[in-house]
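The values are calculated or read from the model by the stated rules, or taken from the named source; none is laboratory data. Keep in mind the model is a prediction, meaning the values are calculated, not measured. For neighbour counting, all protein chains shown are included, and Cβ atoms are generated from backbone atoms with ideal geometry for every residue, glycine included.
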Amino acid sequence: MQYKLLLGNQVYSGWSLSFGLVFRHFNIDFEHQVVPLYTNEFEQFRKQYFPARQLPALITDEDGDRQVIWDSLSIVEFLSDHHPKLEIWPSDPGMRAAARSLCAEMHSAFKALRSSMPVNLKRNYAAFQPNEEVRSDIQRICALWRWVRELFVSDGPYLFGDTLSAVDAFFAPVASRFRTYSIDLDEQSAAYSNLLLQHPATLEFIEAAQSESWRMEHNEFDLD
Ligand SMILES: N[C@@H](CCC(=O)N[C@@H](CS)C(=O)NCC(=O)O)C(=O)O
């Protein structure tokens with residue numbers, strides 16, 4: 001099976017960061033291509049890989065048989081089905097259910113955080129002031145991280161033990177937002193967030209992002 005991972009601009013696309021992390025951490029062989037968002041290339045991508053509409057999207061090829069898989073939850077399930085030994089999800093069923101619930105919430109909620117704190121791997125805003133809705137999203141995320149550790153008595157450093165699983169990759173874009181917007185976190189949340197940002201696959205992704213030259217105005221603020 002050959003994998004081609006289509007990513008959004010690495011500077012701005014949080015979901016793309018999650019999958020850069022999953023593929024590299026689990027050492028899954030893949031090629032990737034950045035499709036700059038909201039450009040002609042992006043429109044072309046939508047036509048060529050219909051029904052995919054957003055990035056990232058995974059294009060698989062098995063003996064010339066192509067499949068388009070889009071949307072993060074579906075991509076992670078596909079990888080887990082095809083690479084069961086890698087333990088992309090925690091192997092314990094209770095932990096796996098909790099990890100999936102966390103990913104699903106990450107995927108469908110936190111709208112205030114997403115819209116007020118868009119991912120931007122090139123910036124660091126010292127003066128950002130989260131409003132009440134954003135503060136509530138941040139508190140919920142940190143409460144979820146604490147809940148996992150208390151319920152599953154996980155010594156970490158990752159949420160479900162000493163190695164990274166899909167759920168950690170889903171939270172990496174949140175960690176990047178916390179750093180970009182200089183969010184004050186409790187000690188444990190700050191340590192976990194830094195761990196995600198220091199992962200070699202995240203560092204590699206961030207380094208590639210630094211060399212991009214596209215600028216998306218609605219992800220840029222005049223704050224610092
Ligand atoms: N639900 C999608 C969300 C992906 C998403 O929001 N992708 C953004 C880039 S990070 C995108 O393609 N935006 C362009 C658009 O929505 O038109 C997933 O989980 O993969």
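Considering only residues that are of a type in the set (D, E, K, R) and not in a helix (DSSP H, G or I), look in the stretch 73-127 and name the one that is farthest from the chain's Cα centre (by Cα).
The qualifying residue farthest from the chain's Cα centre (by Cα) is ASP92.
Does SER176 satisfy being part of a helix (DSSP H, G or I) and under 19 Å from HIS25 (Cα atoms)? I'd like the intermediate steps shown before the answer.
Numbers: part of a helix (DSSP H, G or I): yes; under 19 Å from HIS25 (Cα atoms): yes.
So SER176 passes the test.
With the requirement that a residue be in contact with a helix residue (DSSP H, G or I) (Cβ under 7 Å, 6 or more places away or on another chain), among the aromatic types (Phe, Trp, Tyr) and farther than 24 Å from VAL76 by Cβ, what does the stretch 97-133 give you?
Of everything in the stretch 97-133, just one residue is in contact with a helix residue (DSSP H, G or I) (Cβ under 7 Å, 6 or more places away or on another chain), among the aromatic types (Phe, Trp, Tyr) and farther than 24 Å from VAL76 by Cβ, namely TYR125.
Hey, does the stretch 146-159 have a residue that's in contact with a Cys (Cβ under 8 Å, 6 or more places away or on another chain) and part of a helix (DSSP H, G or I)? Outline the logic, then answer.
Just the residues of the stretch 146-159 that are in contact with a Cys (Cβ under 8 Å, 6 or more places away or on another chain), to begin with: none.
Checking the stretch 146-159: not a single residue is in contact with a Cys (Cβ under 8 Å, 6 or more places away or on another chain) and part of a helix (DSSP H, G or I).
With respect to the numbered conditions (1) closer than 17 Å to GLU207 by Cβ; (2) in contact (Cβ under 8 Å) with a residue 60 or more places away in the chain; (3) not β-branched (Val, Ile, Thr), which one is the sole condition not fulfilled by PRO36?
(1)
Tell me, which residue of the stretch 73-115 that is within 16 Å of the ligand (Cβ to nearest atom), of a type in the set (Ser, Thr, Tyr) and surrounded by fewer than 17 Cβ atoms within 10 Å (Cβ to Cβ) is farthest from ALA52 (Cα to Cα)?
Restricting to residues being within 16 Å of the ligand (Cβ to nearest atom), of a type in the set (Ser, Thr, Tyr) and surrounded by fewer than 17 Cβ atoms within 10 Å (Cβ to Cβ), the top hit is SER101.
Find the residue count for the stretch 33-47, including only residues that are assigned to a helix (DSSP H, G or I) and more than 12 Å from the ligand (Cβ to nearest atom).
Initial filter on the stretch 33-47 (assigned to a helix (DSSP H, G or I)): 40-47.
Applying the additional criterion that residues be more than 12 Å from the ligand (Cβ to nearest atom) yields 40-41, 44, 47.
Total satisfying the criteria: 4.
Limited to the stretch 115-163, what total is found for residues that are within 22 Å of GLU217 (Cα to Cα) and without any contact (Cβ under 8 Å) to a residue 40 or more places away in the chain?
Here the count works out to 5.
Here are the criteria: (1) touching a strand residue (DSSP E or B) at 6+ places or on another chain (Cβ under 7 Å); (2) among the hydrophobic types (A, V, I, L, M, F, W, C); (3) in a loop (DSSP other than H, G, I, E, B). Tell me which single one PHE50 does not satisfy.
(1)
Would the stretch 135-144 turn up any residue that is out of contact with any Cys (no Cβ under 6 Å at 6 or more places or on another chain), at pLDDT below 95 and surrounded by fewer than 14 Cβ atoms within 10 Å (Cβ to Cβ)? Talk me through it step by step, then tell me what you get.
Within the stretch 135-144, the subset out of contact with any Cys (no Cβ under 6 Å at 6 or more places or on another chain) is 135-144.
Pick out the ones that are also at pLDDT below 95 and you get none.
No - not one qualifying residue is present in the stretch 135-144.
Every residue in the stretch 19-53 that is under 21 Å from the mean Cα position of the chain (by Cα) and of a type in the set (Ser, Thr, Tyr), please.
The answer is TYR38, and nothing else.
Table: residues versus (1) within 11 Å of the ligand (Cβ to nearest atom); (2) in contact (Cβ under 8 Å) with a residue 24 or more places away in the chain.
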| position | (1), (2) |
| --- | --- |
| MET1 | no, yes |
| LYS4 | no, yes |
| HIS25 | no, yes |
| GLU31 | no, yes |
| ALA57 | yes, yes |
| ASP61 | no, yes |
| VAL68 | no, no |
| ASP71 | yes, no |
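Being within 15 Å of TYR12 (Cβ to Cβ) and within 17 Å of the chain's Cα centre (by Cα), is that true of even one residue in the stretch 140-156? It would help to see each step written out before you state the result.
Here is the first cut: in the stretch 140-156, the residues within 15 Å of TYR12 (Cβ to Cβ) are none.
Checked the stretch 140-156: no residue is within 15 Å of TYR12 (Cβ to Cβ) and within 17 Å of the chain's Cα centre (by Cα).
Confirm whether LEU55 is out of contact with any Lys or Arg (no Cβ under 8 Å at 6 or more places or on another chain) and part of a loop (DSSP other than H, G, I, E, B).
yes
Please determine whether any residue of the stretch 78-101 is at pLDDT 95 or above, of a type in the set (Asp, Glu) and in contact with a strand residue (DSSP E or B) (Cβ under 8 Å, 6 or more places away or on another chain).
There is no residue in the stretch 78-101 that is at pLDDT 95 or above, of a type in the set (Asp, Glu) and in contact with a strand residue (DSSP E or B) (Cβ under 8 Å, 6 or more places away or on another chain).
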